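Please read the structure below before turning to the comments.
The values are calculated or read from the model by the stated rules, or taken from the named source; none is laboratory data. Everything numeric in this text was worked out from a predicted model, so none of it was measured. We place every Cβ from the backbone using ideal geometry, glycine too, and count neighbours over all the protein chains shown. In case anyone asks, the SASA skips ligands and DNA or RNA and just uses the protein heavy atoms, side chains included. Shrake-Rupley method; radii C 1.70, N 1.55, O 1.52, S 1.80 Å.
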Amino acid sequence: MAAGGSGGRWFLALALGVSLLKCLLIPTYHSTDFEVHRNWLAITHNLPVSLWYYEATSEWTLDYPPFFAWFEYALSHVAKYFDQEMLVIQNLNYSSHATVFFQRLSVIFTDILFVYAAHECCRCVNGKRPGKELLEKPMFVLAVLLLWNFGLLIVDHIHFQYNGFLFGLMLLSVARLFQKRHLEGALLFAVLLHFKHIYIYVAPAYCVYLLRSYCFTANKADGSLEWSSFSFLRITLLGLIVCLISALSLGPFAVLGQLPQVISRLFPFKRGLCHAYWAPNFWALYNAVDKTLAVVGIKYKFLDPEKIPKASMTGGLVQEFQHTVLPSVTPLATLIFTFISILPSVFCLWFKPQGPRGFLQCLILCALSSFMFGWHVHEKAILLTILPLSLLSVESPKHAGIYLTLTTTGHFSLFPLLFTPPEITTKILLMLLFTVYSFSSLRALFRKEGPLLNWLETIYLIELVPLEIFCEIVFPLTPWKLKFPFIPLLLTSVYCALGITYAWLKLYVSVLTESVTVRQKAE
């Protein structure tokens with residue numbers, strides 16, 4: 001990627017257009033996450049800092065890092081002008097019209113950071129394919145893929161969360177690294193980690209890249225590392241940034257002796273391997289195999305049905321559970337699997353450096369590997385891979401094909417988040433619009449490169465249509481609905497897990513087999 005021209009009026013039009021759409025979504029359904037954030041507003045507004053991570057009136061206790069708590073504190077001082085009652089801790093599940101309007105508006109307003117970050121990312125797009133028309137320019141395509149991302153729209157502006165400005169911090173950090181503004185990139189990422197700790201998934205990519213490409217200031221002619229070029233000044237500056245941000249975030253709680261309490265809230269391992277709806281990853285396939293073996297074992301009398309937990313992984317419970325046939329999985333096991341799965345990408349970043357582009361590939365693989373093997377992964381975490389992959393999708397047909405497979409499957413896996421009848425039409429239309437645009441724009445961008453998907457990938461994605469018809473229309477009309485209510489979630493999770501696993505493997509093979517020129521190494 002190289003620096004390109006800035007967006008212009010068309011970018012502003014895209015940003016205003018999607019902001020208007022977000023405003024139209026204000027009256028839609030909101031999930032329990034809406035109450036989560038209302039409760040956090042009340043906690044931070046009424047209680048001293050020393051009680052923030054102890055308050056437990058609601059089941060939705062504060063479990064984000066301190067910077068996000070201070071963010072809620074700042075919002076609460078605006079919220080009081082809309083409806084004071086939303087700031088009462090005891091007002092559980094409070095959702096007046098003023099409360100809904102304020103919280104929805106706060107998400108839309110803080111998305112300004114995401115808009116700015118998307119603009120900066122568009123400036124980093126390679127300009128080798130300028131296109132004859134504006135609609136075929138890589139910058140324009142990337143702007144639409146980021147600003148109008150279907151997953152981010154439904155998760156933040158229907159389901160309800162604040163992912164937009166958090167992804168804005170991440171993408172702005174990535175853009176700064178592309179622009180060789182390494183300290184700014186490191187600062188932004190350090191701040192991001194203390195807003196939401198899920199981004200620790202991609203920390204290895206940042207650590208290795210900054211050490212390899214910033215702390216070491218020179219390479220040999222063949223691209224190998226010049227060990228004598230190590231800069232103690234640069235690594236000291238990076239260390240100071242990390243220490244300063246950590247001190248600002250965690251310092252007050254360290255002084256109060258509350259760090260263990262904060263850590264226990266941030267990493268609640270007793271929530272179990274999988275969420276109530278299995279995220280479409282390796283463990284969803286693992287659970288499905290265990291269930292299948294259990295059913296077969298009972299049918300052929302290899303297992304005693306009296307000794308098997310009833311609906312242990314399909315009853316919607318978020319807790320620890322034991323597998324029936326396969327070995328049960330512990331948090332340590334998922335940590336080991338995750339660590340092993342990201343190692344090849346980190347090694348490639350060190351031994352096959354390709355500058356910022358190589359860093360971005362490593363970041364995506366770290367995010368996707370953590371999604372595949374992490375503990376208690378939420379389905380929404382797939383956005384941590386989809387959004388940065390958008391930058392690569394407009395650069396090469398290989399990445400465009402992977403992007404289409406992963407994005408279509410990942411976005412479809414978010415459908416169960418919106419289960420109320422009024423939102424079914426909305427989510428299907430928004431998904432269709434974004435998917436059709438993604439396919440048509442990327443195909444136009446690489447029209448000389450041949451098909452972006454092979455026949456197997458095409459068939460797999462087409463099969464998502466009958467799967468949705470069965471889950472939303474056919475299954476509710478069958479008698480299975482009462483006896484096996486988990487079937488639609490199970491089918492969606494397992495089918496999407498196959499596609500996401502395939503995309504993960506294809507991306508990994510692409511990175512590991514990619515040849516790197518001496519010039520790229522030197523850069």
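Before moving on, here are some points about what is shown:
- Amide H to amide H distances under 5 Å link Q354 with F359, where only residues 5 or more positions off or on other chains count and H is placed in the peptide plane.
- Sequence of V262, V88 from largest to smallest accessible area, 1.4 Å probe: V88, V262
- Solvent-accessible surface (1.4 angstrom probe) belonging to E35, in square angstrom, nearest 10: 10 Å²
- For the pair F230 and C23 in one chain, pulling the backbone fully straight at 0.36 nm per residue adds 69.5 nm over the alpha carbon distance.
- If you sort C348, C243 by accessible surface, 1.4 Å probe, largest first, the order is C243, C348.
- Solvent-accessible area assigned to carbon and sulfur over the chain amounts to 70 percent, based on a 1.4 Å probe.
- Rounded accessible area of L365 (nearest 10 Å², 1.4 Å probe): 0 Å²
- At R0 = 45 Å, FRET efficiency that the Cβ-Cβ distance of Q261 and L135 yields, to 0.05: 0.30
- For R443, R104, R123, the ranking by accessible surface with the largest value first comes to R443, R123, R104, using a 1.4 Å probe.
- Accessible surface computed residue by residue for the chain, with neighbouring protein chains in place and a 1.4 Å probe, gives 45 Å² per residue.
- FRET E, pair V325, S440, Förster distance 51 Å, beta-carbon r, rounded to 0.05: 0.65
- Identified option (computed percent of Cα pairs over 41 Å apart; candidates [x] 21; [y] 16; [z] 41): [x]
- Note on L432 and A98: the model spin-label points, each 7 Å out from Cα along the C-beta direction, lie 4.0 nm apart.
- Nonlocal amide H pairs with F230, under 5 Å, H built at 1.01 Å: T217
- Alpha carbon centroid spacing (whole Å) that separates region 114-188 from region 57-97: 29 Å
- Mean residue ellipticity, 222 nm, helices only, the chain: the sum of -39500 (n - 2.57) across DSSP H runs of n ≥ 4, divided by residue count and rounded to 500, is -19000 deg cm²/dmol.
- Cross-link pairs beyond the 23 Å C-alpha cut-off, checked among K22/K380; K137/K196; K299/K483; K291/K481; K352/K398; K180/K220: K137/K196
- Accessible area of Y286 in the full protein assembly, 1.4 Å probe (Å², nearest 10): 40 Å²
- Computed from backbone phi, the HN-Hα couplings of region 325-336 come to 10, 6, x, 5, 9, 9, x, 5, 4, 5, 5, 5 Hz, rounded to whole numbers (Karplus: 6.51 cos²θ - 1.76 cosθ + 1.60, θ = phi - 60°; Gly and Pro given as x).
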